[in-house]
């Protein structure tokens, strides 16, 4: 009986620890269209916040999926007409990738715990077309940080189609990045990513000449879905926990 009680107590303790681990991180998602005009091309902006209890740093993010309405058609947006080789991106940075491979940009904020202090670092993020991944359109992300940890890191993603009524998604594999010497890996707490033509210039060869133009971008449908445009995010963390966030862009009058 004592052994059984001890086992049950241990099991309950493990369950409680597991529950606390699962509850350590939560996420908030906001999505925007700029401009927001039905039937016109737009930039789609994702803003993701990862929250932890006050005084704590979230577990490092290892995988992220951004789910979006099928009507938006990221795969047929006219963005990412060329692929940038991953090794070239890692060695030389996004500036040396083909202009027609750029699909958007963003920023990321990470927290780096070191003893009792928490340092913050901001990185610029470039979003590019990458090689195909298991038959899907491949993406590449390049994050460049300067202080207190100087690093440029390339990591993969993919555009994943889905049959109705499921949403399509952007799947991202997030690498672990060492923080300060002797410290744990950095933890992403904010991520902004914008897919679209804003700030992009593409080139097309016509009659032997390179002609500059702005790509179309994400095309909004002529009709708003009932209930608005629904988005969600699925997050996986190093400690084995998961988080999910939902949002919607309401229909305009």
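Convex hull volume of the C-alpha atoms in the stretch 26-249, normalised per residue: 140 Å³.
Summary value for the stretch 106-253: 17 percent relative contact order, contacts being C-alpha pairs under 8 angstrom separated by 6+ residues.
In the Gaussian network model of the chain, springs joining C-alpha atoms below 10 Å, which of 102, 67, 120 carries the largest mean-square fluctuation? Fluctuation is largest for 120.
Most fluctuating residue of 29, 66, 38 in a GNM of the chain with Cα springs under 10 Å: which is it? Checking each option, the largest mean-square fluctuation is seen for 38. Structural descriptor for the stretch 73-119: relative contact order 32 percent, calculated from alpha carbon pairs under 8 angstrom and at least 6 residues apart. Here the contact order of the chain, divided by its residue count and restricted to Cα pairs under 8 Å and six or more residues apart, works out to 28 percent. All C-alpha to C-alpha distances of the stretch 206-252, sorted into 5 Å bins beginning at zero, yield P(r) values of 5, 13, 13, 11, 12, 11, 10, 10, 9, 5, 2, 0 percent in whole numbers. Modelled this way, with points 7 Å down the Cα-to-C-beta line, the labels at residue 96 and residue 124 are 1.7 nm from one another. Each label was represented as a point 7 Å from its Cα along the Cα-to-Cβ direction; for residue 51 and residue 205 these points are 5.3 nm apart. Comparing 183, 106, 130 in a Gaussian network model of the chain, where Cα atoms under 10 Å apart are tied by springs, the biggest mean-square fluctuation is seen for 183.
The stretch 80-129 and the stretch 209-251 have Cα centres spaced 19 Å apart. For the Cα atoms of the chain, what angle does the longest principal axis make with the long axis of helix 2-22, in degrees from 0 to 90, nearest 10? Between the helix axis and the principal axis of the chain, the angle is about 30 degrees. On full extension, the segment bounded by residue 71 and residue 30 gains 12.9 nm, given 0.36 nm per residue less the C-alpha separation.
Return the Rg/Rh value of the stretch 125-203, two decimal places, where both radii are evaluated on C-alpha atoms and Rh is the Kirkwood radius. When Rh is taken as the Kirkwood radius, the ratio is 1.04.
What 222 nm value per residue comes from the helices of the chain, counting each DSSP H run with n ≥ 4 as -39,500 (n - 2.57) and dividing by all residues, nearest 500 deg cm²/dmol?
Using -39500 (n - 2.57) per qualifying helix, the result is -3500 deg cm²/dmol.
Readers should treat all values here as calculations from the given coordinates under stated rules, not as data from a laboratory. Bear in mind that the values here come from a model prediction, so they are computed numbers and not experimental data. Note that each Cβ is placed from the backbone with ideal geometry, even for glycine, and that neighbours are counted across all protein chains shown.
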